[in-house]
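*Asks:* Shown below is the structure under consideration.
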Amino acid sequence: MQYCAKRPAAMARISGGVDAPQLTGWVQFYQERGCVLVVARISGLPKQSKTGFFGFHIHQGEDCSGTEFSGTGSHYNPTQQLHPKHAGDLPPLLACGANAYLSVRTDRFSICDIIGRTVVIHSNPDDFHTQPAGNAGEKIACGVIYKGR
Ligand SMILES: [Zn+2]
């Protein structure tokens, strides 16, 4: 577990909105050679997801304000790709009870690309097909990505 010894280069503190008031957690981003390692630890997920999967993306917006986190805007997609080829597209979270843990490596963005943008958790799974956002439903939780110290 090499990354455990390193501090994350960026992180986001995740908080639930009105649809998931118990939801809390952290997403950490570690710079590796050629990849960014994304590690998410989430608790307090709501029960309404029929499948246990929750859409999980980086959005281009820079704040968690607004009704249903409208300040997060759409998926981070600097090169105008179709979903799920957006740079901000990530595997969905799978709940174990009310908790989820995910770690994944991606080369679709650098740490610098995502500082100041937002991590969003959705109420439904991502179908990896429907445009523009995989029919992932409401935005139930959000966190702004900031530079680690
Ligand atoms: Zn997308």
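The values are calculated or read from the model by the stated rules, or taken from the named source; none is laboratory data. Since this is a predicted model, take the numbers as computed values, not measurements. So basically every Cβ, Gly included, is an ideal-geometry build from the backbone, and we count neighbours across all protein chains shown.
*Asks:* Anything in the stretch 46-61 that is more than 14 Å from ALA136 (Cβ to Cβ) and either within 13 Å of the chain's Cα centre (by Cα) or buried (at least 19 other Cβ atoms within 10 Å of the Cβ) (or both)? List them, or say none.
*Replies:* GLN60, GLY61 - these are the residues of the stretch 46-61 that are more than 14 Å from ALA136 (Cβ to Cβ) and either within 13 Å of the chain's Cα centre (by Cα) or buried (at least 19 other Cβ atoms within 10 Å of the Cβ) (or both).
*Asks:* Would you please name the residue that is nearest to the ligand (Cβ to nearest atom), looking only at residues in the stretch 77-91 that are under 15 Å from VAL36 (Cα atoms) and not in a strand (DSSP E or B)?
*Replies:* Going through the stretch 77-91, the residues under 15 Å from VAL36 (Cα atoms) turn out to be 87-91.
Of the ones still in play, those that are also not in a strand (DSSP E or B) are 87-88, 90-91.
Working: ALA87: 9, GLY88: 6, LEU90: 9, PRO91: 12 Å.
The residue in question is GLY88.
*Asks:* Could you figure out which of (1) without any contact (Cβ under 8 Å) to a residue 60 or more places away in the chain; (2) of a type outside the set (S, T, N, Q); (3) within 24 Å of PRO8 (Cα to Cα) isn't true of VAL120?
*Replies:* VAL120 satisfies every listed condition except (1).
*Asks:* Filtering the stretch 105-149 down to residues that are charged (D, E, K, R) and surrounded by fewer than 16 Cβ atoms within 10 Å (Cβ to Cβ), which residue is farthest from the ligand (Cβ to nearest atom)?
*Replies:* Here is the first cut: in the stretch 105-149, the ones charged (D, E, K, R) are 105, 107-108, 113, 117, 126-127, 138-139, 147, 149.
From what's left, surrounded by fewer than 16 Cβ atoms within 10 Å (Cβ to Cβ): 105, 107, 127, 147, 149.
Values: ARG105: 18, ASP107: 16, ASP127: 11, LYS147: 24, ARG149: 30 Å.
Per the criteria, the residue is ARG149.
*Asks:* So which of THR79, THR118, THR106, THR130 ends up being at pLDDT 95 or above and touching a Gly at 6+ places or on another chain (Cβ under 7 Å)? Lay out the reasoning, then the answer.
*Replies:* Details: THR79 fails: touching a Gly at 6+ places or on another chain (Cβ under 7 Å); THR106 fails: touching a Gly at 6+ places or on another chain (Cβ under 7 Å); THR130 fails: touching a Gly at 6+ places or on another chain (Cβ under 7 Å).
Matching residue, one of THR79, THR118, THR106, THR130: THR118.
*Asks:* Also, quick follow-up: Report whether or not ASP89 is within 17 Å of the chain's Cα centre (by Cα) and free of Cβ contacts under 8 Å to residues at least 60 places away in the same chain.
*Replies:* So ASP89 fits the description; yes.
Results for (1) touching a Cys at 6+ places or on another chain (Cβ under 8 Å); (2) among the acidic types (Asp, Glu); (3) within 16 Å of the ligand (Cβ to nearest atom); (4) outside any strand (DSSP E or B), shown as yes or no for each residue.
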| site | (1), (2), (3), (4) |
| --- | --- |
| GLN22 | no, no, no, yes |
| TRP26 | no, no, no, no |
| PHE29 | no, no, no, no |
| VAL38 | no, no, yes, no |
| GLU68 | no, yes, no, yes |
